[in-house]
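The values are calculated or read from the model by the stated rules, or taken from the named source; none is laboratory data. Just so it is clear, the structure is predicted and the values come from calculations on it, not from any experiment. Cβ sites come from the backbone with ideal geometry, for glycine too, and all protein chains shown count toward neighbours.
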Ligand code: ADP
Ligand code: C5P
Ligand code: MG
């Protein structure tokens, strides 16, 4: 592989279905020439704080993320170099000690609530997708997911939603819809939208492969 990978951004409110859409695209591509990076993996390390202190952090603010490390890692992947991606623990509200090696691929998907809020990050993205799901559906999905998978109580999810998640959505997520190239309604099980994205990605990969084989022939 020699040419620059294509970076696709998937943004949308919490519970909109970003992670599910990214996984569905990955599963539909037979060659797996694709890497998924979650902005969530780049929440700041808080291992120096007590658990009690970590529960008080506002996780719905751009400053909650280590944007420098995320942009550095994306640049590495775009230069066809591997990275050691942090692994985030939602139950402990901090990074795990281990990291995951991510190898460069032709397609990199970056998904997260605030990836369009950062103008430098926005400029790095070749294709921007906004997953658009109504707020009532998103909160229901989030309650179920956070209680099942992120070790939360109903009260804590509702309290967090009203104090930080909802205001941040209106300030940092929804206004950035205007930057999107494509809007996918309802998220993860919108098979038509996923098929269209998969067809687009396959055609990008084919074109890159043709370009690379022409380069080899001409050398
Ligand atoms: P996000 O990453 O945007 O917060 P997720 O992909 O984690 O959202 O989806 C939140 C929850 O909603 C998950 O439990 C997921 O299985 C579920 N979900 C995602 N898309 C749909 C959909 N179209 N219909 C029903 N449930 C969905
Ligand atoms: O997958 P999703 O987009 O929902 O992930 C982002 C959400 O994760 C944010 O809305 C934030 O409130 C939540 N979060 C959390 N606890 C953490 C880190 C993030 O509830 N420790
Ligand atoms: Mg997610």
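The residues of region 11-30 that are within 10 Å of ligand 2 (Cβ to nearest atom), touching a helix residue (DSSP H, G or I) at 6+ places or on another chain (Cβ under 6 Å) and on the phi < 0 side of the Ramachandran plot, listed by number, are 13, 14, 16.
Among the residues of region 5-46, those identified as farther than 18 Å from residue 75 by Cα, more than 16 Å from ligand 3 (Cβ to nearest atom) and modelled with pLDDT of 95 or more are 44, 45, 46.
Within region 74-85, at least one residue is within 14 Å of the chain's Cα centre (by Cα), at pLDDT 95 or above and under 24 Å from residue 180 (Cα atoms). If I filter region 53-60 for residues that are part of a loop (DSSP other than H, G, I, E, B), at pLDDT 95 or above, more than 16 Å from ligand 1 (Cβ to nearest atom) and farther than 17 Å from residue 150 by Cβ, do I get at least one hit? No, that holds for no residue.
Residues that are more than 12 Å from ligand 1 (Cβ to nearest atom), loosely packed, with under 12 Cβ neighbours inside 10 Å and within 19 Å of the chain's Cα centre (by Cα) within region 116-157 comprise 119, 120, 123, listed in sequence order. Would you be able to say whether some residue in region 178-187 is in a helix (DSSP H, G or I), without any contact (Cβ under 8 Å) to a residue 12 or more places away in the chain and away from ligand 2 (no atom under 16 Å from the Cβ)? Yes, the conditions are met somewhere in region 178-187.
Looking only at region 134-143, decide whether some residue is out of contact with any helix residue (DSSP H, G or I) (no Cβ under 8 Å at 6 or more places or on another chain), within 16 Å of ligand 3 (Cβ to nearest atom), free of Cβ contacts under 8 Å to residues at least 60 places away in the same chain and under 20 Å from residue 111 (Cβ atoms). Break it down into steps so the answer makes sense when it comes.
Here is the first cut: in region 134-143, the ones out of contact with any helix residue (DSSP H, G or I) (no Cβ under 8 Å at 6 or more places or on another chain) are 134, 136-138, 140-141.
Okay, now just the ones that are also within 16 Å of ligand 3 (Cβ to nearest atom), so 137-138, 140-141.
Now drop any that are not free of Cβ contacts under 8 Å to residues at least 60 places away in the same chain, which leaves none.
Among the residues of region 134-143, not one is out of contact with any helix residue (DSSP H, G or I) (no Cβ under 8 Å at 6 or more places or on another chain), within 16 Å of ligand 3 (Cβ to nearest atom), free of Cβ contacts under 8 Å to residues at least 60 places away in the same chain and under 20 Å from residue 111 (Cβ atoms), which makes the answer no.
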